[in-house]
Amino acid sequence: MQEIKITNQNLNRQVLLHKLKSAGIQTNAYADLIFDHPAYNFTDAEKEISIVELTLYDLGLKNEGDFKKT
């Protein structure tokens with residue numbers, strides 16, 4: 001399990017996305033939807049979030065798995 005802590009530091013969208021990319025964090029279209037949504041406010045008080053990368057094993061899936069429907 002890998003954990004990365006990020007503080008929002010009241011950054012605008014472009015600076016925040018640049019910092020995420022510099023930290024090796026990839027974003028997708030869903031992240032763009034969140035950052036572009038009117039409810040997303042860049043001027044909130046400084047907050048820290050943790051981003052955690054989990055494996056299937058970390059989630060309790062200890063046996064091999066596949067994508068077949070059962």
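Tabulated data
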read-out: Test: residue in the range 1-16 that is of a type outside the set (S, T, N, Q), open to solvent by 70 Å² or more (accessible area, probe 1.4 Å), part of a loop (DSSP other than H, G, I, E, B) and at pLDDT below 75; value: yes
read-out: Residue within the range 21-31 that is among the small types (Gly, Ala, Ser), surrounded by 11 or more Cβ atoms within 10 Å (Cβ to Cβ), in a helix (DSSP H, G or I) and at pLDDT 80 or above present; value: yes
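The values are calculated or read from the model by the stated rules, or taken from the named source; none is laboratory data. Keep in mind that what you see is a predicted model, and the values were worked out from it rather than measured. Positions of Cβ are backbone-derived with ideal geometry, glycine not excepted, and every protein chain shown enters the neighbour counts. For the accessible areas, the whole protein counts, side chains as well, though only heavy atoms, and no ligand, DNA or RNA atoms are used. Shrake-Rupley method; radii C 1.70, N 1.55, O 1.52, S 1.80 Å.
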